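Only one structure is covered here, and it is reproduced in the block below.
The numbers here are math on the coordinates, done by the rules we state, and not lab data. A quick note: this is a predicted structure, and the numbers were derived from the prediction, not measured. We place every Cβ from the backbone using ideal geometry, glycine too, and count neighbours over all the protein chains shown.
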Amino acid sequence: MTRAFVLHTRPWRDTSLLVEWFTEDFGRLTTYQRGARNRGKKSPLRPMAFQCLHMMLVGRGDMKTATQIEPVGRAHLLQGQSLAVGFYLNELLMRALHRQEPAPVLFDIYARHLAELAGPSVDFGTVVRGFERDLLAELGVGIDWQSTADTQEPIDPQAQYWLAPEEGILQHRGQGYPVAGNILKAIADNQALADTEDRRQARNLLQSLLVPHVGSAPFNSRALWRTQPQSGQSEQILSTE
């Protein structure tokens, strides 16, 4: 048995589903669920978005079937903009993770961010930037957000810095993106940014670091975000592509 979340489902043939999973023990994988779309047959996968599950894998070769699917705890009932952000996290995992490479730390990070999305008064920008930061770290391409790479000094919220993807945060001007220290501190410490322009810069900064690993194709969750009732965070916090 392994814990797992459903990332995506799509029809396969007449009555079956191909299911993309993020599992604790095996990372991202795909299963073939025969007859899951049969009329009159209740599929255990239909209501399971953002629900942690226990399941067992059976079968030979790369394409297996998930069996003994049971919920673990309560489902995270995401609605509106929270739903759009949840789908964005799923899209990031679908794009960034190679198949069948275990990522147990990232699994727990993902579960924690889903719980935050289901909570009251969530700051979506903080959740998204935090997950993007942690995803980069778990992919092995993260940077030190707390100190400079060239002088090893702590980040000063009042100072100006440059971020070079291959080096990190630079105190002295280099070949990188100019960024204010208060934005770097907010990303490092999961702090909300009150200024709209600061939020935009934080978004674009993380996006620039992610593109080499997730591609530049449009995210479907961006369109979903735009259709949801606004909750005071009306600017685009998801992918700019």
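Per-residue extension of 0.36 nm, minus the Cα-Cα distance of residue 223 and residue 62, leaves a gain of 54.7 nm for this segment. This model, with +1 at the C-beta of Lys and Arg and -1 at the C-beta of Asp and Glu, gives the chain a dipole about its Cα centre of some 1680 debye. The spread of Cα positions in region 24-164, taken along each principal axis and listed from longest to shortest, comes to 62, 38, 21 Å.
Restricting to Cα atoms and excluding each atom paired with itself, what does the Kirkwood estimate give for the chain in Å?
Numbers: mean 1/r = 0.0520 Å⁻¹.
Kirkwood radius, the chain: 19.2 Å.
Note on residue 10 and residue 213: the model spin-label points, each 7 Å out from Cα along the C-beta direction, lie 2.4 nm apart.
Do you know the relative contact order of the chain, to the nearest whole percent, from alpha carbon pairs under 8 angstrom that are 6+ apart?
Details: 422 pairs, mean separation 37.9, N = 241.
That works out to 16 percent.
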